Ligand code: DGT
Ligand code: CA
Ligand code: CA
């Protein structure tokens with residue numbers, strides 16, 4: 001299946017946030033440290049900005065060593081909760097550019113500063129349109145969060161992920177399917193996403209140095225060294241093939257419905273009947289499989305085709321339409337109070353599904 005996948009990786013994320021918060025840091029080497037608290041600078045470097053990287057400072061090295069490499073650098077402690085709150089806002093921006101799916105699987109956050117978005121439908125498999133969307137994303141993150149990121153675009157996650165690291169910081173790289181080999185094959189095998197030092201070492205012993213070497217190597221030989229799954233994966237990855245789907249964090253199955261309103265509107269009286277119908281459909285799908293849910297997610301797509309989602313987690317499983325509608329309406333009210341643009345489409349989905357137990361919850365009466 002032909003796909004367009006976009007990967008975003010924020011540039012020197014923790015250090016960039018600190019620079020943004022304190023403009024006096026601009027131009028200086030900034031080193032973010034996990035301090036052990038035993039003595040001054042007794043921890044390891046979590047990350048650093050590009051000025052510090054010019055002085056050869058790297059993540060993981062002792063802060064004391066970083067201090068020797070760059071005595072004038074500014075050393076700051078990690079503020080993880082704060083970075084996570086920035087990350088959450090960025091992920092919401094990114095999610096709003098992803099294709100809309102009833103089961104919500106066009107978006108995958110893989111770390112605090114990285115995510116995949118599928119934009120196959122949005123682009124109609126047009127990679128130059130994908131390039132425009134990539135630039136739009138960069139612009140919006142810059143405007144709203146004053147941060148830069150690097151973007152990679154490809155026909156799957158593997159290629160998108162590798163493409164985003166080509167131009168850093170603040171770059172964008174598109175690898176269309178016709179450029180797969182010219183992109184991949186000159187690279188060392190260790191650059192293939194998913195290959196660690198141990199695999200790279202074994203491959204070198206087999207005389208395999210570049211990804212081209214790997215692509216041309218006998219698959220039987222790979223399977224006998226690495227086992228069936230890994231051997232076949234290596235062979236396919238070297239050809240740029242990767243069918244792995246995007247997986248929403250928490251990974252579990254969701255059931256949802258989405259539909260277009262009769263007209264673009266912010267009028268609750270026009271939106272609720274549609275919400276009611278969607279909730280009914282979701283509940284009947286759920287009922288036929290005797291499932292309950294714990295998470296309710298509402299999606300709205302506005303007249304500018306931007307998508308927004310909000311979720312609520314119940315403190316126990318439920319399966320009645322009344323509960324679903326009540327929570328969905330609450331979420332919708334929150335959207336309505338924030339939104340300027342009229343709504344075009346509305347979706348409801350449920351997650352954290354499980355088999356119903358005999359006992360009914362209070363909510364279901
Ligand atoms: P980049 O992507 O090369 O411009 O730089 P970063 O700093 O964004 O690096 P990345 O994407 O590998 O990691 C994202 C954040 O995760 C980074 O700002 C700090 C944190 N981080 C990275 N490596 C380590 C590590 O080895 N230990 C700890 N505690 N945190 C790390
Ligand atoms: Ca990063
Ligand atoms: Ca990262």
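The values are calculated or read from the model by the stated rules, or taken from the named source; none is laboratory data. For clarity, every value in this text was computed on a predicted model and none was experimentally measured. Every residue, glycine among them, receives a Cβ derived from its backbone with ideal geometry; neighbour counts consider all protein chains shown.
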**Message:** Considering only residues that are surrounded by 14 or more Cβ atoms within 10 Å (Cβ to Cβ), modelled with pLDDT of 90 or more and more than 21 Å from residue 16 (Cα to Cα), which ones fall in the stretch 65-102?
**Reply:** 65, 95, 96, 97, 98, 99
**Request:** Could you check, for the stretch 24-44, whether at least one of its residues is in contact with a helix residue (DSSP H, G or I) (Cβ under 7 Å, 6 or more places away or on another chain), closer than 18 Å to residue 111 by Cα, within 16 Å of ligand 3 (Cβ to nearest atom) and in contact (Cβ under 8 Å) with a residue 60 or more places away in the chain?
**Result:** no
**Asked** Mind checking which pairs have a first residue in the stretch 135-150 that is under 12 Å from residue 172 (Cβ atoms) and a second that is assigned to a loop (DSSP other than H, G, I, E, B) and away from ligand 1 (no atom under 15 Å from the Cβ), Cβ under 6 Å, 6 or more apart or different chains?
**Response** 137/97
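Answer with yes or no whether residue 32 is crowded, with 21+ Cβ neighbours inside 10 Å, part of a strand (DSSP E or B) and either within 16 Å of ligand 2 (Cβ to nearest atom) or modelled with pLDDT of 95 or more (or both). Write out each step before concluding.
Values: crowded, with 21+ Cβ neighbours inside 10 Å: yes; part of a strand (DSSP E or B): yes; either within 16 Å of ligand 2 (Cβ to nearest atom) or modelled with pLDDT of 95 or more (or both): yes.
Considered against the rule, which asks whether it is crowded, with 21+ Cβ neighbours inside 10 Å, part of a strand (DSSP E or B) and either within 16 Å of ligand 2 (Cβ to nearest atom) or modelled with pLDDT of 95 or more (or both), residue 32 comes out as yes.
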**Asked** Got a number for residues in the stretch 210-247 being surrounded by fewer than 19 Cβ atoms within 10 Å (Cβ to Cβ), at pLDDT below 95 and not in a helix (DSSP H, G or I)?
**Response** 5
**Request:** Go through the residues of the stretch 12-22 one by one and say whether even a single one is near ligand 1 (Cβ under 10 Å from one of its atoms) and at positive phi.
**Result:** yes
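Can you pull out every residue in the stretch 265-280 that is touching a residue at least 24 places away in the same chain (Cβ under 8 Å) and over 29 Å from the mean Cα position of the chain (by Cα)? If you could, list the steps in order and put the result at the bottom.
From the stretch 265-280, those touching a residue at least 24 places away in the same chain (Cβ under 8 Å) are 265-266, 268, 271-272, 274-276, 278-280; that's our starting set.
Selection gives 265, 266, 268, 271, 272, 274, 276, 280.
Return the residue satisfying two criteria in turn: it lies in the stretch 1-11 and is surrounded by fewer than 24 Cβ atoms within 10 Å (Cβ to Cβ) and near ligand 1 (Cβ under 6 Å from one of its atoms), and of such residues it is nearest to residue 107 (Cα to Cα).
Here is the first cut: in the stretch 1-11, the residues surrounded by fewer than 24 Cβ atoms within 10 Å (Cβ to Cβ) are 1-3, 9, 11.
Okay, now just the ones that are also near ligand 1 (Cβ under 6 Å from one of its atoms), so 9, 11.
On the way: 9: 14, 11: 20 Å.
Going through the qualifying residues, I end up with 9.
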**Fill in**
residue 190 fails exactly one of (1) without any contact (Cβ under 8 Å) to a residue 24 or more places away in the chain; (2) assigned by TED's automatic domain parsing to the domain that holds residue 107, namely (2)
**Residue list for the stretch 146-169, restricted to those being within 16 Å of ligand 3 (Cβ to nearest atom) and surrounded by fewer than 18 Cβ atoms within 10 Å (Cβ to Cβ)** = 148, 165, 166, 167, 168, 169
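Do you know which of the residues in the stretch 103-119 that are surrounded by fewer than 18 Cβ atoms within 10 Å (Cβ to Cβ) and touching a residue at least 12 places away in the same chain (Cβ under 8 Å) is farthest from residue 177 (Cα to Cα)? Reasoning before the result, please.
Of all residues in the stretch 103-119, those surrounded by fewer than 18 Cβ atoms within 10 Å (Cβ to Cβ) come to 103, 105, 110-112.
Checking which are touching a residue at least 12 places away in the same chain (Cβ under 8 Å) leaves us with 103, 105, 112.
Numbers: 103: 27, 105: 23, 112: 29 Å.
Per the stated criteria, the residue is 112.
In the stretch 38-100, which helices (runs of 4 or more DSSP H) lie fully inside it and hold 1 or more residues that are closer than 25 Å to residue 7 by Cα?
Details: elements: 50-54, 63-69, 80-95.
Output list reads 50-54, 80-95.
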**Request:** Please enumerate the residues belonging to the stretch 315-338 that are assigned to a helix (DSSP H, G or I) and under 23 Å from residue 288 (Cα atoms).
**Result:** 321, 322, 323, 324, 325, 326, 327, 328
